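Data first, discussion second: the structure below is written as structure tokens.
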Amino acid sequence: MSSIDQIMQHDHERLDALLEACATAVQESRWQDAAGLLEQFRRGIVEGHMFVEETMLFPAFEALEGDGEHSLTALLRKGHQDLRVFFQEMAEAIEAQDAEEFNDFLSTVQTILRQHDAREEAELYPHLADAMPDHGAAAAQRMADGQGEKGHE
Amino acid sequence: MSEFQGCQLPEDLHYDLDYVWARPEEDGTFTIGVTDPAQTMSGRLQKARIKKVGTHLEAGRHVATLESGKWAGGVPVPFAGAVIARNDALLENPHLINIDPYGDAWIARVRPDDPATALERLHTGPDAVAALQAWIKRYDVQCMRCSD
């Protein structure tokens, strides 16, 4: 099994590709496909990736640092909170078949994700194996289970 | 005017205790902008998009999105309402927000659907300033103002 930092990094790439596929569907006015792809992306990132980070990875990093909520995890949690609103707004733009509105949100979301992911990959993920007693095995399993469930949808 | 870690925090404004300040106007509308610590966290802003006049927004939806080289984010409205004015100068020069976040760089004016409850999610005075100081510490912000 890959290490937890590799698994999380690969998940960023998988999610980026899903969002890109959604953007292509919007450009081609395939609104139903776009809605499905956005929902697949949203579930993957919110119910999979962010859930594992917020419930398992961030607490382990905070315990390692030893001062409760760390400014890095505070910022990352805030990023998640902001993104959830944008995902809802993107879904509404697709529902309204408003490509201009969708593209405005997409540009902002992709910028947020690029910066957010880079920070996680540079400052958080490299410390996870040391921060977790099982070296991230349970979190890795949770990520694999989540992706397995999606595969059966 | 309170100041904390270089961040200016006017006590007479109302805050969502995150990025946003709001000022009630005499005509029942609210002027909305972003705080000094928020503009510092964002870095030198390079792009601003603001919803068109007439757009209706639910509480928590973004009236504007802002981007710098290192940051991007939204400006949520603290109550449901309609955009009745926007600061078009920011579309041309978003960096104004880094210079005068509480003055010339206001973002939009919004007429709340329900003026009686518009302030419910906002905080003002010393309690708001204390909560914003905690926000500044949480995100480890040291404010700097651009002069041009």
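Going by a ≥ b ≥ c, the root eigenvalues of the Cα gyration tensor, does chain B fall in the rounded group (a/c under 1.5), the prolate group (a/b larger than b/c) or the oblate group? Judged from the Cα gyration tensor, chain B comes out oblate (a/c at least 1.5, b/c at or above a/b). Put simply, the amide H of residue B:68, placed in the peptide plane, has neighbours under 5 Å in B:46, leaving out anything fewer than 5 places away on its chain. Of interest is the spacing of the C-alpha centroids, which for segment B:97-121 and segment A:40-76 amounts to 31 Å. Taking only Cα atoms and a 10 Å spring cutoff, compute GNM fluctuations for chain A and point out the largest among A:76, A:37, A:64. Comparing A:76, A:37, A:64 in a Gaussian network model of chain A, the most mobile one is A:64.
Gain on full extension, evaluated as 0.36 nm per residue between residue B:99 and residue B:120 minus their Cα-Cα distance, stands at 4.6 nm. Taking a straight line from the alpha carbon of residue B:137, these lysines sit under 19 Å away, with near neighbours fewer than eight places off in the same chain left out: A:78. For chain A, the longest principal axis of the Cα atoms and the long axis of helix A:99-119 meet at an angle of about 10 degrees. How many angstrom lie between the C-alpha centres of segment B:1-76 and segment A:118-137? A separation of 34 Å, based on Cα centres. Using the Karplus relation 6.51 cos²θ - 1.76 cosθ + 1.60 with θ = phi - 60°, the per-residue 3J(HN,Hα) values for segment A:43-48 come to 5, x, 7, 7, 7, x Hz, with x marking Gly and Pro.
Values quoted throughout were computed directly from the atomic coordinates according to the rules given, and no laboratory measurement underlies them. Nothing here was measured: the structure is a model prediction, and the numbers come from that model.
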